[in-house]
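The values are calculated or read from the model by the stated rules, or taken from the named source; none is laboratory data. Remember, it's a predicted structure, so these values are computed and weren't measured experimentally. Because the Cβ atoms are built from the backbone with ideal geometry, glycine has one as well, and the counts that use them run over all protein chains shown.
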Amino acid sequence: MSTMKPSIIERVKATLQAVFARHQLSDEDTEPKTPSIPTASPVSTSPESTPAATESEATDSEPSLPWLTTTQRDILHQMERGSTTEQRLVNRARILLSFDTLQSKRGVAGTLAIDIKTVRTWHARWDAVRGLLSPLEIDTVPSPAYRRVIEAALKDAPRPGAPLTFTAEQVAQIVAMACEKLDDSEGPVSHWTHGHLAAEAVERKIVESISAASVGRFLTEAAIKPHLTQGWLNSPERDTPEFTDAAHAVSDVYHQAMAMHEQGKHVLSTDEKPGIQVLERDHPTHPAEPGGLHPKERREHNYDRHGTLCFIANFEVATGQVTSPSLGPTRTETDFVAHITQTMSCDSEGCWTCVVDQLTTTAWRK
């Protein structure tokens, strides 16, 4: 069986919640009587039945539980020897295992060198929960799942924690303030920072006082970063009929590029890179040298500028190769026509399709 039954999971959850809610420490030094497994058979309430008779019947019909079952003992030994088990769980497993041979809580405390209050606490916890965990073995709960149940029973009970410093309404107002636009603000800042938000929250009387770290934690939980800027472009031609037709035409050409290449046709994506700086170092670059004195290449820091160049290249879609690049000082229409002429000279009898952008260099003029 690979997973626990839903009914078993719900029963375990309810069991642990009940144990945490009603668990009380015992001040006795001796082990209390072992509880019995409750049965579904009703207890007689007739006037003839006496308390002594009722107790005798329950004792005869309900077998007592062992302190640890074989499965529980194996799991506790695994927890005790586990290299990644929490140390507090290791100590609690040792306390429970010690009661297999020692009957006195004081004896367990002395043997393990642990405070007797700690021994009492986990003896009482296990005594309250073991009768509820043992039936799970009958339902053939998988060992890993059963171990998780036992580990949960030996963990600390839920604690209320410190009261909230800020209400949900205050946090929501701070997050909403971080989403406000500051372009038209008369303040000294252009973007919200955690410190500015904290000061603004106090000035608006949202809170009496708050640190920048608390504001940062709220914004992290809300996945908001108002101090960062992301650029975006809103094209006026997007979603127009002309744009849609052009986009479909380009997509169709790219989609047919492989088939066109097999027919001897070329599909090129052509673009330019202007403003490439031409730099010359004042002294030649020295290569790396063996021996450890100069293990890296050495390059002169100072250089002379010799203007800029424009690089025009063609990316052949079908082959992924860059063909017939051009390099020149300008990027005028004449330069682009010369580049296309040079490209087509590679296959003067072939069919060429070039996909270009809409810059003034390549756009058709009306």
Residue match in the stretch 169-180 (condition: assigned to a loop (DSSP other than H, G, I, E, B), free of Cβ contacts under 8 Å to residues at least 24 places away in the same chain and not assigned by TED's automatic domain parsing to the domain that holds Asp347): yes
Those residues of the stretch 112-125 which are surrounded by 15 or more Cβ atoms within 10 Å (Cβ to Cβ) and free of Cβ contacts under 8 Å to residues at least 40 places away in the same chain, in sequence order: Leu112, Ile114, Thr118, Val119, Trp122
Would you pick out the residues in the stretch 50-85 that are part of a loop (DSSP other than H, G, I, E, B), modelled with pLDDT of 50 or more and over 18 Å from Glu151 (Cβ atoms)? Pro63, Leu65, Pro66, Trp67
Pick from Ser134, Ser104, Ser83: which is within 30 Å of the chain's Cα centre (by Cα) and surrounded by fewer than 18 Cβ atoms within 10 Å (Cβ to Cβ)? Ser83
Tell me which residues, restricted to the stretch 217-263, are among the aliphatic types (A, V, I, L, M) and in a loop (DSSP other than H, G, I, E, B). Ala222, Ala223, Ile224, Leu228, Leu233
For the stretch 232-240, indicate whether the set of residues that are under 31 Å from the mean Cα position of the chain (by Cα), more than 30 Å from Ala318 (Cβ to Cβ), among the aromatic types (Phe, Trp, Tyr) and at pLDDT 90 or above is non-empty. no
I'm told Ser134 meets every condition in (1) modelled with pLDDT of 90 or more; (2) in a helix (DSSP H, G or I); (3) polar (S, T, N, Q) except one. Can you identify the failing condition by its number? (1)
Which residue pairs have Cβ atoms closer than 9 Å, lie 6 or more positions apart in sequence or on different chains, and pair a first residue in the stretch 264-281 that is over 22 Å from Leu359 (Cβ atoms) with a second residue that is among the basic types (Lys, Arg) and part of a strand (DSSP E or B)? Val278/Arg305; Leu279/Arg305; Glu280/Arg305
Might you check whether a residue that is in contact (Cβ under 8 Å) with a residue 40 or more places away in the chain and not in a loop (DSSP other than H, G, I, E, B) occurs anywhere in the stretch 181-204? no
Residues satisfying the stated conditions in the stretch 251-266, i.e. in contact with an Asp or Glu (Cβ under 9 Å, 6 or more places away or on another chain) and surrounded by 15 or more Cβ atoms within 10 Å (Cβ to Cβ): Ala257, His261, His266
Could you grab me the full set of residues in the stretch 335-344 that are touching a residue at least 12 places away in the same chain (Cβ under 8 Å) and over 22 Å from Gln256 (Cα atoms)? Asp335, Phe336, Ala338, His339, Gln342
Residues within the stretch 307-347 that are of a type outside the set (Ser, Thr, Tyr), part of a strand (DSSP E or B) and farther than 14 Å from Ile276 by Cα, tallied: 6
Are any residues in the stretch 293-321 among the β-branched types (Val, Ile, Thr) and out of contact with any Asp or Glu (no Cβ under 8 Å at 6 or more places or on another chain), and if so, which ones? Thr308, Val317, Thr319
Within the stretch 226-241, restricting attention to residues that are free of Cβ contacts under 8 Å to residues at least 12 places away in the same chain and of a type in the set (Ser, Thr, Tyr), which residue is surrounded by the most Cβ atoms within 10 Å (Cβ to Cβ)? Thr240
Restricting to the stretch 147-173, name every residue that is of a type in the set (A, V, I, L, M, F, W, C) and modelled with pLDDT under 90. Val149, Ile150, Ala152, Ala153, Leu154, Ala157, Ala162, Leu164
Verdict on Val90 being in contact (Cβ under 8 Å) with a residue 40 or more places away in the chain, within 18 Å of Asp74 (Cα to Cα) and outside any strand (DSSP E or B): no
